[in-house]
Amino acid sequence: MTDKITAKLLAGTLPTGLSSPSYDRNLVKSSIVHIGAGGFHRSHQQRYMDRLLSETGDFSWGICASGIREEDRALKEALKSQDCLYTLVERADDHAEARIIGSMTDYVLGHDDVEAFTQKLAARETKIISLTVTGAGYYIDQRTSGLNLDHPDVRHDLANPSTPKTIFGYLSQALKRRMVNNVPPCTIMSCDNFQGNGSISKHTLLAFCDEVDPKLSKWIDENVAFPNSMVDRITPLPTEETRAFVRERFGLEDQCPVMCEPYIQWVVEDKFSSERPPLEEVGVQFTADVAPYEKIKLRVLNASHSLVAYLGYLAGHRYIFEIVHEPLFAEYLTYFLNEEVTPHLDPVPGVDLADYKRTVVRRFGNPAIKDEALRICMNGSYKFPKFIFPTVRDRLKTGGSIKTAALSVAGWMRFLGQAAEKGSQIPVRDPIADTLILKAKQGGDDAEALLSLREVFGDLSDHDHFRKEVCAYLKQLYAEGAVSTIQACLR
Ligand code: CS2
C-alpha cells in the first residue's frame, strides 16, 4: 500500500530509512522567498533550512518557493497538492537515506498574480530573496560580462513592468516598493553556479534599474547586499524512476521527489543587508572571500563534467558514472586536472587539492544517482566560458599545453554537429541553441564557423593556437570518433 505524501502522513509512522520534520510547520515563518525552486534548490538550500529548523528550534527561516516561468506550473501543482512537502533521497551505491523536507512554506508562481508576488517580495517579513535561475536567467552578454539590454525578454520587462518575465522585472518593482515605503532592504542571495554570482546579480540588476529609475539603482547599490556563494551538490534531473524508487522503497506516493548524492557544500560570503540564518550551525561555511572556493569548484568539478560529458555521450555512454569508469576517460580526466587545471589554482584554506580532485572523481563515479550526460550537455554556451575557458586563458598566457581542454571544446562542437543532422534525436538545450545548430551545420568538420561566435568565445575567437587545436580535434572527431581521438590526444 502506498501513502500520498501530505502533512497528515507526518503524524503517522514512517517506514525505516525515511525521516520527517518533527517541528511544527505551522510556526515556521516565510522570511526567505526563493525564485527558481528546481531540483537543485530542493536538494541544497531547502535541505539546509530543514536541518536548521529541526536542529535549532529557531523557526524564523522558512522558504516560500516560487517560479517565474510557465514551465514551473506542473511543479507548483504537484507541491501544492502535497502541502509543499517532498522527499529528498540521498543515494550512493546501495545506500539510500531519505527525508521529507518541511522547510518550504508555500509555492507561488510569480506571473499568476504579479501584484501579490511583488508585495511578498517587498514585505518587511522577507529578509532574503534567493535565486537559482541558472546562468541564462541573468541575461549576461559574454562580450561585455554585463546585462544584455538588447535581449527581447529584458526589453519586454523594461517596457511592460506589470507583466515581468525576468528576475529583473520582479526585483526592480519589489525593491522600488521597499525604497518608497521605507521598508528595510533585504538581501539578494544568488545560489547559481558561477563565479561571482552575487556580484553579477548586483551588476546586472543595477544595469536594469538604471534604465528604470537611477534613484532606485543608487538606493540598491547603497543598501542591498548581494553575497557571493559557492554551492555544491550533484542533483540529477528528477525522473519517473525517482518517483518509482520512493514508492517501492518507502511506500510513498510523492509526485515530485528529488534524488541527489550524499555530498553537500555551501560557502557563503558573510555580507547580508540585515539578519541572516545561523546556517553555520548546520555546516554552512561563512567567509569574507568566496572567490578561491568558487574557483576550485568551477574549474575542477564543473569543468570536469563538461570535459567528459560530450565525448562520453559521443562514445555511446548515457550516464556520467559509466564514462568515468572507462579507463580511457579516467586517464583523460586525470591529465586535464593535473596538467592543465592544477597549475593555475591557488591554495584554498582548509582544502587539500589532491583530495578534492579525488573526491570529485569518486562523486562522478556514484552509480546510484544515474546522473545523465545529457544534463551536463545542456547550456554549453555559458558553461564553457565559465568552467573551461578561464583555464584555457591561463594556459595560453603561460604557454602550457591546452590539448585536453581544446579536445573538450571540439567534443561539444561534434555533439552539436550530430544534433544538427537530419532526424537527430539529440536535444540541444541552450539559450542560443538555434545559432549553435546553424553554425554546426554550416561548419561541419570545420570548427571556424562555431569559433566565430564571439558571444561564446570572446577573445579566444582570435587566438591562433586555440583555434588550431580545436579545428584539428574537430576534424579528427568527425573522421575517427571520440575514443580514437582521445587516445591520440593522450599519446
Ligand atoms: C554540472 C553541475 O550542470 C553542470 O554542468 O557540472 O550541475 C554540477 O552537477 C553541480 O554544480 C554540482 O554542484
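The values are calculated or read from the model by the stated rules, or taken from the named source; none is laboratory data. Quick caveat, the model's predicted, so the values are computed rather than measured. Please note: Cβ atoms are built from the backbone with ideal geometry, for glycine as well, and neighbour counts cover all protein chains shown. Remember, those area values only see protein heavy atoms, side chains included, never the ligands or the DNA or RNA. Shrake-Rupley method; radii C 1.70, N 1.55, O 1.52, S 1.80 Å.
Results, tabulated for the structure shown:
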read-out	value
Stokes-Einstein diffusion coefficient of the stretch 19-167, Kirkwood radius over Cα pairs, 25 °C, 0.890 mPa s, in µm²/s	147
Alpha-carbon Rg with Dmax, taken over the stretch 3-287, Å	18.8, 57
Kirkwood Rh, angstrom, the stretch 190-241 [1 / mean 1/r, Cα pairs]	12.8
Inverse mean reciprocal Cα-Cα distance (Kirkwood Rh) of the chain, Å	23.6
Value of Rg to Rh for the stretch 326-390 (Rh from inverse mean 1/r over Cα pairs, i.e. Kirkwood)	0.98
Normalised alpha carbon radius of gyration of the stretch 149-297 [divisor 2.2 N^0.38 Å]	1.28
Within the chain, percent of DSSP bridges classed antiparallel, to nearest 5	35
Set of the stretch 91-121 residues, backbone N closer than 17 Å to the point 7 Å along the Cα-Cβ line of LEU27	102-105
Charge dipole (debye, nearest 20) of the stretch 291-490; +1 at Cβ of Lys and Arg, -1 at Cβ of Asp and Glu	320
Furthest towards positive pole of dipole, LEU451, LEU27, TYR263, structure part the chain, Cβ charges	LEU451
Heavy-atom accessible area per residue - the chain, 1.4 Å, Å²	40
Relative contact order (%) - criterion: Cα under 8 Å, at least six apart; region: the stretch 3-287	22
Carbon + sulfur, % of accessible area of the chain - ligands and nucleic acids excluded, 1.4 Å	49
Contour excess over end-to-end distance, with Cα ends at ALA488 and ASP112 and 0.36 nm allotted per residue	129.9 nm
Net charge of Cβ neighbours under 10 Å - reference VAL212; Lys, Arg +1; Asp, Glu -1	-2
Out-of-range pairs (alpha-carbon distance over 27 Å; input LYS165/LYS297; LYS29/LYS386; LYS297/LYS475; LYS120/LYS165; LYS127/LYS370)	LYS165/LYS297; LYS29/LYS386; LYS297/LYS475; LYS127/LYS370
Isotropically averaged projected area of the stretch 291-490, using the convex hull of Cα atoms (one quarter of hull area), nm²	10.7
Proximal charge balance of GLY196 [Cβ under 12 Å; K/R count +1, D/E count -1]	-1
Mean Cα-pair separation over length for the chain, i.e. relative contact order, pairs under 8 Å, 6 or more apart, %	14
Per-residue [θ]222 nm for the chain (sum of -39500 (n - 2.57) over DSSP H runs n ≥ 4, rounded to 500)	-13000 deg cm²/dmol
